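Notes follow once the structure below has been shown.
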Amino acid sequence: MNGVTVRGSDKLIKQLNQIPLQARAGIGNALAGSVVLLDAYAKQKIQGGGRAGRVYTRRTVSHQASAPGEFPKTDTGQLVSSLFFRVAADKLSAFFGTTLAHGRYLEYGTSRMAARPWLRPTLKANASAITERVRNAVNEALRNV
């Protein structure tokens, strides 16, 4: 599975684990809303917009690839259909990513293909909204303890 891990979150999670599970519900909701936001953004960018890559023919059907540096564009729909998210049972962590091995190759490129990043740009574009949402939820949980 390919996804994003936020560095430095371990220390915060240890501290938040001291909050009763019931009081963490708002944090879990904020994380759930955040990963739903990431999922929707990534799908919109992958499925929408123009392409600037090369045009090629596969089985008599013409396709236009995404250019290096662009979001990968839907061809078979595999990447979009493989995206998933979940919030952990502790309501203090969430995961968003893909089950496809080639999701990593698209993100970072290979020796034969330039990167078509989708995960990092998705997180970067939504980082401030997610930070605000989670910060507000943590502050609310702390007030309620």
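The values are calculated or read from the model by the stated rules, or taken from the named source; none is laboratory data. Here the structure is a predicted model, which means the values were calculated and not measured. For neighbour counting, all protein chains shown are included, and Cβ atoms are generated from backbone atoms with ideal geometry for every residue, glycine included.
Filter segment 95-118 down to residues that are among the hydroxyl-bearing types (Ser, Thr, Tyr) and under 19 Å from Leu38 (Cα atoms) and give me whichever is surrounded by the most Cβ atoms within 10 Å (Cβ to Cβ). For segment 95-118, the residue satisfying everything is Thr98.
Among the residues that make up segment 23-31, is at least one of them among the aliphatic types (A, V, I, L, M) and either on the phi > 0 side of the Ramachandran plot or not in a helix (DSSP H, G or I) (or both)? No, segment 23-31 has no match at all.
Scanning segment 80-100 for residues that are touching a Gly at 6+ places or on another chain (Cβ under 6 Å) and free of Cβ contacts under 8 Å to residues at least 60 places away in the same chain turns up just one, Val87.
Might you let me know whether segment 79-94 holds any residue that is crowded, with 19+ Cβ neighbours inside 10 Å, outside any loop (DSSP other than H, G, I, E, B) and more than 17 Å from the chain's Cα centre (by Cα)? No, because not a single residue in segment 79-94 is crowded, with 19+ Cβ neighbours inside 10 Å, outside any loop (DSSP other than H, G, I, E, B) and more than 17 Å from the chain's Cα centre (by Cα). For segment 101-145, what are the residues that are touching a Gly at 6+ places or on another chain (Cβ under 9 Å) and part of a helix (DSSP H, G or I)? Hits for segment 101-145 are Gly103, Leu119, Ile130, Arg133, Asn136, Ala137, Val138, Glu140, Ala141. Across segment 113-145, the qualifying residues are those that are farther than 30 Å from Thr74 by Cα and among the small types (Gly, Ala, Ser), and the one among them that is nearest to the chain's Cα centre (by Cα) is Ala137. Figure legend. Inter-residue proximity from segment 22-37: first residues over 20 Å from Pro121 (Cβ atoms), second residues loosely packed, with under 15 Cβ neighbours inside 10 Å and among the aliphatic types (A, V, I, L, M), beta-carbon distance below 6 Å, spacing 6+ or different chains. Indicated pairs: Ala23/Val145. For Gly103, the conditions (1) under 12 Å from the mean Cα position of the chain (by Cα); (2) without any contact (Cβ under 8 Å) to a residue 60 or more places away in the chain all hold with the exception of (2).
Considering only residues in segment 58-73 that are in contact (Cβ under 8 Å) with a residue 24 or more places away in the chain and buried (at least 16 other Cβ atoms within 10 Å of the Cβ), the one that is farthest from the chain's Cα centre (by Cα) turns out to be Ser66. Scan segment 60-96 for residues that are in contact with a Leu (Cβ under 9 Å, 6 or more places away or on another chain) and either among the basic types (Lys, Arg) or at positive phi (or both) and jot them down. Of everything in segment 60-96, just one residue is in contact with a Leu (Cβ under 9 Å, 6 or more places away or on another chain) and either among the basic types (Lys, Arg) or at positive phi (or both), namely Lys91. Restricting attention to segment 47-55, does a residue exist that is touching a Pro at 6+ places or on another chain (Cβ under 9 Å), surrounded by 10 or more Cβ atoms within 10 Å (Cβ to Cβ) and of a type outside the set (S, T, N, Q)? Within segment 47-55, one or more residues are touching a Pro at 6+ places or on another chain (Cβ under 9 Å), surrounded by 10 or more Cβ atoms within 10 Å (Cβ to Cβ) and of a type outside the set (S, T, N, Q). Taking (1) at pLDDT below 85; (2) polar (S, T, N, Q); (3) surrounded by fewer than 16 Cβ atoms within 10 Å (Cβ to Cβ); (4) within 19 Å of the chain's Cα centre (by Cα) in turn, Gln15 satisfies each apart from (4).
How many residues are in a loop (DSSP other than H, G, I, E, B) and either β-branched (Val, Ile, Thr) or touching a helix residue (DSSP H, G or I) at 6+ places or on another chain (Cβ under 7 Å) (or both) when one looks only at segment 47-78? Adding up the residues that qualify gives 6.
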